Amino acid sequence: MSDIETTTEVPAAPAPVTPKKGKAAKKPAAEKKSPKPKAEKKVPTHPPASVLVVEAVTKLNEKGGSSLQAIKKSIA
């Protein structure tokens, strides 16, 4: 072998990247939009689905149980 030593130089670490001020920059508090007024909730005119399903199953009165298709048809 040879008496020549080989050295490898490690490159210096890159400089830290600073975030750019662009689209990601936040708007000042003064420019925020005012919240929209909340609309009143509409009350449904039909009973809840759980009540409809129970009524359909009792109405079908099948000994082996009611199929999903039969329950849907009864509700519709």
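Laboratory data are not the source of any read-out in this text; all were calculated from the coordinates shown. All values reported here derive from a predicted model rather than from experimental measurement. Cβ placement follows ideal geometry from the backbone for every residue including glycine, while neighbour counts extend to all protein chains displayed.
Tabulated values for the structure
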quantity: Environment charge of VAL53, counting only residues whose C-beta is closer than 13 Å and scoring Lys/Arg +1, Asp/Glu -1; calculated: +2
quantity: Estimated inter-spin distance, HIS46 and ILE75, nm [label 7 Å along Cα→Cβ]; calculated: 0.8 nm
quantity: Separation of alpha-carbon centers, segment 59-76 and segment 39-57, rounded to whole Å; calculated: 18 Å
